[in-house]
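Note sheet for the following structure.
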Amino acid sequence: MPDSADQYAGDKQKHPWLSMLLDAYQTLDNGVASAIAREEKLGRKLACHKGCAACCRTHKDIPVYPLELVGITWFVTKKVTGTIRSTLKQQLREYKEGNACPFLVDNACSIHFMRPFACRQFNVFGKVCAEGEDAYHTRRRDVLVPIKKYTDAAFDKTLPFYGVMNKMERKKIIKKGSIHQTVRILQSCNWQSLAQKMQEYEQYQELINAHLKHE
Ligand code: SF4
Ligand code: SF4
C-alpha cells in the first residue's frame, strides 16, 4: 500500500515539524497536479511515469532544504524496511558525488513519500528523457512550470520550522526568496552518516526486542 499522510498521523502528533513538512508537500503536490491538468487541457502529455528514472541518475544538483533533510533522515531511519532498507543503507554507505541519487533503488525512489520539493516539481511532457539528458537544459519548454502561488504557499508552511512564526515576516521572506539561502545540494550531503544512523537505529531496535523477550 502506498504511503499516505494518514498512516503517519501518530508521528505527526509527536513531531510538529512533520506536520509542517507534510502539509507543505500536500500543497506543493496540489500545485503540481493543477499545473499538469492545465497543460493536459492544452493537449500536452506527461512523459513521467512509474519506473522512469533517468532524471534520478542524471541530475547532479538537486536542491534540498534543511527541513526536508530532517524528513528524509527520519523516514529512512525509522520507516524504510525490508530489502529496500538494506540496499538503501549500502548505497548510502558507498555513495560518492557523481553517482546516481543514492535513494534510487530498483529504478524507483525509495523515499517517494518524502522526496524533496525539487523532485516533486520536476515533470516533463512529450517524450521521456534520454539517459543522461537533463530536459531543463535540452528542451526547457517540455519541463513543467510550477504555479508560483502553490510553491510560495508550500514554502510558507515550512517557515515556522526555522522559527519564523509571524505571517508578515514569512510573506517578506518568501517575496525576497531568502529561504533559498538555506538550500543544500542533495548530491553533496554526507550520506554515509545517514547509513550509520540507520545501523545504530537497527541495533537499538534489536536491544529493545531482546529486552522485551526476556521480560
Ligand atoms: S523527468 Fe524524464 S526521466 Fe524523470 S520521470 Fe519524467 S520523463 Fe522520466
Ligand atoms: S530523491 Fe527520489 S525522486 Fe529525487 S532524485 Fe532521488 S530517487 Fe529520484
Only residues that are under 27 Å from Arg93 (Cβ atoms) and either touching a Pro at 6+ places or on another chain (Cβ under 9 Å) or open to solvent by less than 50 Å² (accessible area, probe 1.4 Å) (or both): list them for segment 177-193, please.
Thr182, Val183, Arg184, Ile185, Leu186, Gln187, Cys189, Trp191
Residue in segment 121-149 that is nearest to ligand 2 (Cβ to nearest atom), counting only those that are surrounded by fewer than 19 Cβ atoms within 10 Å (Cβ to Cβ) and closer than 17 Å to His180 by Cα:
Lys148
For the subset of segment 54-84 comprising residues that are in contact with a strand residue (DSSP E or B) (Cβ under 6 Å, 6 or more places away or on another chain) and farther than 20 Å from Ser4 by Cβ, which member is nearest to ligand 1 (Cβ to nearest atom)?
Cys56
State all residues of segment 172-202 that are among the hydrophobic types (A, V, I, L, M, F, W, C) and in contact (Cβ under 8 Å) with a residue 40 or more places away in the chain; if no residue qualifies, say none.
Ile179, Val183, Ile185, Leu186, Cys189, Trp191, Leu194, Ala195, Met198
Does segment 50-57 include one or more residues that are touching a Gly at 6+ places or on another chain (Cβ under 6 Å) and of a type outside the set (A, V, I, L, M)?
no
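The values are calculated or read from the model by the stated rules, or taken from the named source; none is laboratory data. This structure is a prediction, so every number in the text was calculated from the model and none was measured. Neighbour counts are summed over all protein chains in view; Cβ atoms, including those assigned to glycine, are modelled from backbone coordinates with ideal geometry. Just so you know, the surface numbers come from the protein's heavy atoms only, side chains and all, with ligands and any DNA or RNA stripped out. Shrake-Rupley method; radii C 1.70, N 1.55, O 1.52, S 1.80 Å.
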